[in-house]
Amino acid sequence: MEHQADPVVTIPVHRLQRITDIIFAFSMVLFIISGMLTFNNADFWDGYEADPAGFVTGQARELLTSFLVFLFMAIYWTTHVGQSKYIIRVDTTYIWINIFYLFFISIAPLPNALSLKFGDDIYVQQFFNLDMLLIGIFSYFAWYYATKGHRLVIQHLSGREIRETNWNMLIEPLVALIAILVSLTYPVLWELALLLLPIGMIILTIVLRKSKKKAEKEKPG
């Protein structure tokens, strides 16, 4: 008797979207709480009276780091929302990729809390960098898996749109990788390396927009 291949098991998309929304919301709440707990700590304000200018300058770096953490998470959230409109089904492999992705999203508030207190520590910086790198990698793999042969996405999604999303999703892990190298060599420039994220996204957006306009002009009328 001929063996029949097992069918691909698919799961309703809304179930994965629901848990993703919950984890992002949970991470954002922890992000805010970690900052509030730091500011409410009596030891946090010890250096203000002795050197107000130095205290404010030092905290500016920590606030910049917090902003960049929030920016990373906001970008991943908007990327997820943008992709979800193309996903029409999910399978077990896609779910497991997203489970690892969501795990690293859920622990993102921890390196943020550590950076507020130990921002100059190279191990804290690398913890942050590694978490952002793994988030980016699993996010990219999820999209690559879903779009390979239009496995889980709508059929009319064009190859150009898939490639543009691929390029956009490579920015975050690339910036995290650069931040790892910068932290190992010049730790004081770590925050500046993270600023490459918004700069890179702006540049890529401009390039892709010009490329799209050029392609539209070259289309036969």
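Nothing in this text is a laboratory measurement; each read-out follows from the coordinates by a stated rule. Treat the numbers as computed from the prediction; the structure is a model and nothing was measured. Counting neighbours? That spans all protein chains shown, and the Cβs are built from the backbone with ideal geometry, glycine included.
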Highest mean packing first, using Cβ neighbours within 10 angstrom, the peptides 18-25, 100-107 sort as 100-107, 18-25
Note down the magnitude of the dipole of segment 127-210 about its Cα centre, charges +1 on Lys and Arg C-beta and -1 on Asp and Glu C-beta and zero elsewhere, to the nearest 20 debye. 420
From zero up to wherever the largest Cα-Cα distance of segment 72-196 sits, split into 10 Å bins and tell me the percent of pairs in each. 13, 41, 28, 14, 4
